[in-house]
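Worksheet: one structure, shown below.
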Amino acid sequence: MLLKITNANVLHGNGQLQLKDIYISDGVIEKLAEAGSEGSKPADQTIDAGGKLVTPGFIDMHVHLREPGYEHKETIETGSRSAAKGGFTTIACMPNTRPVIDTPETIELVKSKAEAAGLVNVLPYAAITKSELGRELTDFAALKEAGAIGFTDDGVGVQSAQMMKDAMALAQSLDMPIIAHCEDNSLVEGAPVNEGEFAKRHGLKGIPNESEAIHVGRDILLAEATGVHYHVCHVSTEQSIRLIRQAKEIGIRVTAEVCPHHLLLAETDIPGLDANWKMNPPLRSRRDVEACIQALEDGTIDMIVTDHAPHSEEEKAKGMQLAPFGIVGFETAFPLLYTKFVLTGKWELSLLVQRMTEDPARVFGLTAGRLAPGAPGDLTIVDLDKEQEVNPETFASKGRNTPFGGWKLKGWPVTTIVNGKVVWQEQ
């Protein structure tokens, strides 16, 4: 099967766009040629990109697909479709499902459901501790053998330093990463928002910055002691960034990620007690936002992830105190960041694309994330001129929980290709 994509605007190493024709043979990129230089070489399928941006498929290393156990929020199929609509071709799903993804059988379930959906590449994480209770390590070797790509208790922090050190030592022996949700429970219990002006104004208990940074600092020392690849989830505070930057400077194997909402929104932007603005980590101060932006720019933070976290409307209607944490992210990530950072001149387009493709692939050792011969035929076509409002009612996800409804954005994905097959196309 030969797929030919003509008139593709492709980013080169110098950040410049060049028109290319891309040939994908049996799911693998065969070559990139100057547009029109190969004439009308026959292909089984031809897509005219019409000068639109064509990038490696976006990679999201932190998502929640909710299945098994929470299918009313999302399924592997609906989440995969939402990812494809957002231009993502590879996603890594978190294990805080019910049952928790802590056995080879649950890993196999996720893989089989993803294969049956036939949409995007789904890479499952496995839990660090059984049922994410923090009491007993899972069988790392068996989970790796079943297909887990790393270990995390995302959704809760591992509270015991000894448990985390043991996990890191075991993961290091298997050449596997530890992915950490950093949160000291003793500082956050019952708090729905950041410890700041919004919490004070509404009489809410706040989540302090140090609740995240304490675990980051602890885990960096444990990563230094064990030599493990330690990856920090959804960084949101200036203090965490300072610690990560120092760790990288002295050669500790630490990497990090940030979400679009922590680059775009501060707690002062929250309009009221609307739980569509409730996420964990919470929206922080403007100073924290600026620290996150700078850290992504200078490489202290390696990649952008969405932390796509769908919930039902009934759950989110319970209000700021009682509703679950989390917002959806697949379908708005690229247009949000393109509109707010690239179009405003703050970032080069190449930086945004790199942090959503090449960098996550590099950090996690994936073959995807590049447009080059021999790479997987995973591509995203983006219409940089297309402008439309964010309308949650049109989401492919079951979740409608977003604070970005009504935002007018440019740069929308229009076609997503996985292994040389079109898995989503704008109608």
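The values are calculated or read from the model by the stated rules, or taken from the named source; none is laboratory data. Just so it is clear, the model here is predicted, and its values are computed rather than measured. Ideal geometry is used to build each Cβ from the backbone, glycine not excepted, and the neighbour counts take in all protein chains shown. Heavy atoms of the whole protein, side chains included, go into the accessibility calculation; ligands, DNA and RNA do not. Shrake-Rupley method; radii C 1.70, N 1.55, O 1.52, S 1.80 Å.
Values computed for the structure shown
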item: Flag if ALA49 is of a type in the set (A, V, I, L, M, F, W, C), open to solvent by less than 40 Å² (accessible area, probe 1.4 Å) and within 24 Å of GLN354 (Cα to Cα); result: yes
item: Filtered residue count, segment 204-220, keeping only those that are in contact (Cβ under 8 Å) with a residue 60 or more places away in the chain and open to solvent by 20 Å² or more (accessible area, probe 1.4 Å); result: 2
item: Index of the failed condition, ASP154 passing every other in (1) open to solvent by 10 Å² or more (accessible area, probe 1.4 Å); (2) touching a His at 6+ places or on another chain (Cβ under 7 Å); result: (1)
item: Total residues in segment 175-205, condition at pLDDT below 95 and within 25 Å of TYR230 (Cα to Cα); result: 0
item: Residue within segment 135-150 that is within 20 Å of GLU257 (Cα to Cα), open to solvent by 40 Å² or more (accessible area, probe 1.4 Å), touching a residue at least 24 places away in the same chain (Cβ under 8 Å) and over 21 Å from the mean Cα position of the chain (by Cα) present; result: no
item: Residues within segment 231-259 that are open to solvent by 10 Å² or more (accessible area, probe 1.4 Å) and out of contact with any Ser or Thr (no Cβ under 6 Å at 6 or more places or on another chain), tallied; result: 12
item: Output for segment 96-126, where each listed residue is open to solvent by 50 Å² or more (accessible area, probe 1.4 Å) and part of a helix (DSSP H, G or I); result: GLU105, GLU108, LEU109, LYS111, SER112, LYS113, GLU115, ALA116
item: Test: LEU352 is assigned to a helix (DSSP H, G or I) and either open to solvent by less than 10 Å² (accessible area, probe 1.4 Å) or out of contact with any Pro (no Cβ under 6 Å at 6 or more places or on another chain) (or both); result: yes
item: Segment 403-427, residues that are in a loop (DSSP other than H, G, I, E, B), touching a helix residue (DSSP H, G or I) at 6+ places or on another chain (Cβ under 8 Å) and within 24 Å of LEU349 (Cβ to Cβ); result: PHE404, TRP407
item: Residue count for segment 59-95, restricted to those that are open to solvent by less than 10 Å² (accessible area, probe 1.4 Å) and assigned to a helix (DSSP H, G or I); result: 6
item: Within segment 187-237, considering residues that are part of a helix (DSSP H, G or I) and hydroxyl-bearing (Ser, Thr, Tyr), the one nearest to VAL258 (Cα to Cα); result: SER211
item: Flag if THR129 is open to solvent by 10 Å² or more (accessible area, probe 1.4 Å), more than 20 Å from the chain's Cα centre (by Cα), not assigned by the TED database to the domain that holds PRO413 and not basic (Lys, Arg); result: no
